[in-house]
Amino acid sequence: MPEGPAPAPVIQRLRVHYAKRGRLRFTSHRDISRAVERAVRRAGIPVAYSAGFTPHPKISYAGAAATGVASEAEYLEIGLTGTRDPAQVRADLDAALPAGLDILDVVQVPEARGGAEQHRPEPITERLQASEWRIRLDGVTVDAAASAVAAFMAAPEIEVERLTKKGRRRFDVRAAVFACGLDRRATEATDVPCAILRMVVRHTTPVVRPDDVLTGLRQVADLAPPSPPLVTRLAQGPLDADTGELADPLDPDRDAVPPGVAALAGVSPALTRSADTAGEDVVSTRP
């Protein structure tokens, strides 16, 4: 066992909603986690560390988007050794991060009621039931995209194959797609020939990614974009099966925090905040 005092305990936990925009879409998750750790140190946030020979900051990530994918809905949790105002943490952390990694919201995780394990707040990963995606297909006509989507949604099952950590696996992508359609308004607003799709995809095992859905579209309708698609995650959270809407996964934490604390938290997500590096991939979570 390593010698020395035990690490300071976690006094406060904060959940952070952030965006990955513009050129930062090509940054790997490992590089993003390093950037966040450096920003936490520069901002003077008292992050807690794990025990052992190689202590690590207690920062965990939930449902991170893949390299090459932009996102307006990324989440992480930080354990702190002291109590901080979530609104101030939001401002300080955002100022310390590079442009394109933008902090949209920070909320405090409510404490376990009575200290009982069974009353601890649920992990945020349990709330991330589905993602809403925007996929721009340059060089694809509206008619071709609409026809491919109709064929995809009409199919009872579409199996694709992908290399996973457990080897090559075949799985049904159609079952994971709750909704998929052509966003005609967004398509008409572009200045280049393209088709823009919007889809809601359930989080399954294995995870069905946007590129898996594109593989399925190619299988059922021979839809093959001439250039790589531009993919943006617009939202992720609890899925309302009746409406297809995704709720904000941080809302239960806001509801559980006492009013006096919630007033300090700065809880209005800045989803429409502009960023010079974002370009056309920065969009609101709802049309």
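Below is a table of values for the structure above.
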item: Theoretical FRET efficiency, 1/(1+(r/R0)^6), r = Cβ-Cβ of Asp242 and Thr205, R0 22 Å, to 0.05; result: 0.35
item: Compactness of the chain as Cα Rg over 2.2 N^0.38 Å, two decimals; result: 1.09
item: Normalised contact order of the chain, rounded percent, pairs of Cα under 8 Å and 6 or more residues apart; result: 24
item: From phi via Karplus (6.51, -1.76, 1.60), per-residue ³J(HN,Hα) for the range 11-22 in Hz, x at Gly/Pro; result: 9, 9, 10, 10, 9, 10, 9, 9, 10, 10, 10, x
item: Of all accessible heavy-atom area on the chain, the percent that carbon and sulfur account for (1.4 Å); result: 53
item: Residue-averaged 222 nm ellipticity for the chain, from DSSP H runs of 4+ at -39500 (n - 2.57), nearest 500; result: -6500 deg cm²/dmol
item: The range 49-104: chymotrypsin sites (Phe, Trp or Tyr not before Pro) in DSSP loop, at most 12 other beta carbons within 10 Å; result: Phe53
item: Accessible area of the chain divided out per residue, in Å², using a probe of 1.4 angstrom; result: 50
item: Semi-axis lengths (Å, descending) of the ellipsoid that matches the C-alpha gyration tensor of the range 129-241; result: 22, 16, 13
item: Residue-span extension gain [Asp222 to Lys166] - 0.36 nm each, minus C-alpha spacing; result: 17.3 nm
item: Relative contact order computed over the range 129-241 (Cα-Cα under 8 Å; 6+ residues apart), in percent; result: 47
item: Extension gain from Ala189 to Ala146, taking 0.36 nm per residue of separation minus the Cα-Cα distance; result: 13.8 nm
item: Net length gained if the chain between His56 and Asp31 were fully extended (0.36 nm per residue, minus Cα distance); result: 7.5 nm
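The values are calculated or read from the model by the stated rules, or taken from the named source; none is laboratory data. This structure is a prediction, so every number in the text was calculated from the model and none was measured. Note that we place each Cβ from the backbone using ideal geometry, even for glycine, and neighbour counts take in every protein chain shown. Only protein heavy atoms, including side chains, enter the accessible area calculation; ligands, DNA and RNA are left aside. Shrake-Rupley method; radii C 1.70, N 1.55, O 1.52, S 1.80 Å.
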